[in-house]
Each structure stands twice: as structure tokens, then as C-alpha cells.
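Read the structure below first, then the notes.
The values are calculated or read from the model by the stated rules, or taken from the named source; none is laboratory data. This structure is a prediction, so every number in the text was calculated from the model and none was measured. Neighbour counts run over all protein chains shown; Cβ positions are idealised from the backbone, glycine included. Areas reflect the complete protein model, heavy atoms only, side chains present, ligands, DNA and RNA absent. Shrake-Rupley method; radii C 1.70, N 1.55, O 1.52, S 1.80 Å.
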Amino acid sequence: MTVLLPCSHLCDACTDDSAGVSAKVQRCVSRQKRKTQLALVTLKNSRQSLFVPELLVPDGWSTATLSQPHTLYKVVAAVDGRLVSLFDGVTQYKLGQTLHAKRGGAAWAPLDACYFAFPTMQQAASAILPQNSQLAKAPRMLIEVRCHGKGYLHRNDMWAVPHMTTVGVIGQITEAAEVAVPARYAGR
């Protein structure tokens, strides 16, 4: 025979003298079960935001996944024969090398840890740089990149992606945001 005793924390259900001990414990167990279920749902929702950061995405951005490598275009600085990020002045883009977001792991990388690119050469060439770009006055080159992973898409079609491979150098960009495009890239 199972004996049910009132809970040790003496909740209202257990201290109600009108019910028998068994009924008191059953009500207390039911209440504790509901509290635990609610706590688990809350925990699951908070942990889920680590994997799908919808609540953390700035206005104008949405989460998006490139499950297969996708061709995009990016403008970089040409400094001492190297292709370098216009923004941070440090990140190097080497042909065939894949860059991975420095934070994020298997989950969504934070937006500020991603690499930015555009779906067309014209959009990349005419993109406005952030004011704090380190190499804003350096000569610019347009590169073709292959990107994949859990990233973000801005309403102006700019992608922020966690994995980016440089596959080609297309040409130099003039001050008027015109691109000297070789014939093999014409029409893209």
C-alpha cells in the first residue's frame, strides 16, 4: 500500500484542513506538475532563441539559411597585393580559402560575426560602407564568393553569412562604383 504524505513546503493545498491527506497531496502534486511543465516550456523557448534568434535580429533583417553554396559578390580592399576587408582592415580573402564566423558554432552566428555579400555585382559595387570602415579610402576590388549556412538577409538583399569561400577576383571598382568586368562575368 502506498502512503501519500503532505509536501514538505506546506503549500495551500496541503494546509487546507477540509481535505484528507491523500487529496491534499494529490492537489499539491498537480500544482507542482503544472509549475514544472510551465518552467520547462519557458526554458525550451529561451534555449530555442539561441538556435533561431528571431528575437535578437535587428529591424530590416530576417533569418535565412543557404543550405547549398550560393554565389554572391563582395567588395574588398586591395592592399599590398592582398584582398582585405574594407570594414575591419584585417580579414583577408584568399582564393579557395573558406572563412568561418568566429562565433556561433553549430547555431546561428551573431550578425556581427558574419561576412556580408550581395546577390549581384552591381549591388556589391554600389553598397554604402559603414562610417567606421577602416579601409574606406583604399582601392577596391570586386570578388565572387560562395556562401552557405544559417545567416541573415537584409531587406536590401544584402546577405550576412557564417561561411564564405573566395572563388574569383572579378575586377577593380572605380570611384563611380563602376566595375571593370571581364567578358566571362558579363551578364551576371
Neighbours of residue 118 by Cβ distance under 9 Å: Lys/Arg at +1, Asp/Glu at -1, summed charge 0
Whole-Hz Karplus ³J(HN,Hα) for region 79-96, in order, using 6.51 cos²θ - 1.76 cosθ + 1.60 and θ = phi - 60°, x for Gly and Pro? 10, 6, x, 10, 9, 10, 4, 5, 6, 9, x, 10, 4, 9, 10, 10, 3, x
Positive minus negative residues near residue 77 (Lys, Arg vs Asp, Glu; Cβ under 12 Å): +2
Just add up the charged neighbours of residue 160: K/R +1, D/E -1, any other residue whose Cβ is under 11 Å from the Cβ of residue 160. 0
Ordering 22, 85 from largest to smallest accessible area (1.4 angstrom probe), what's the sequence? 22, 85
With every protein chain kept in place and a 1.4 Å probe, the residues 98, 91 fall, from largest accessible area down, as 98, 91
Express in Å², to the nearest 10, the accessible area of residue 61 obtained by rolling a 1.4 Å probe over the protein heavy atoms while all chains stay in place. 50
List every residue whose amide H lies under 5 Å from the amide H of residue 83, counting only residues 5 or more places away in sequence or on a different chain, with H placed 1.01 Å from N in the peptide plane. 93
Go through region 145-158 residue by residue and turn each phi into a ³J(HN,Hα) via Karplus (6.51, -1.76, 1.60, θ = phi - 60°); whole Hz please, and just put x for glycine and proline. 10, 10, 10, 7, x, 7, x, 9, 10, 8, 4, 8, 6, 6
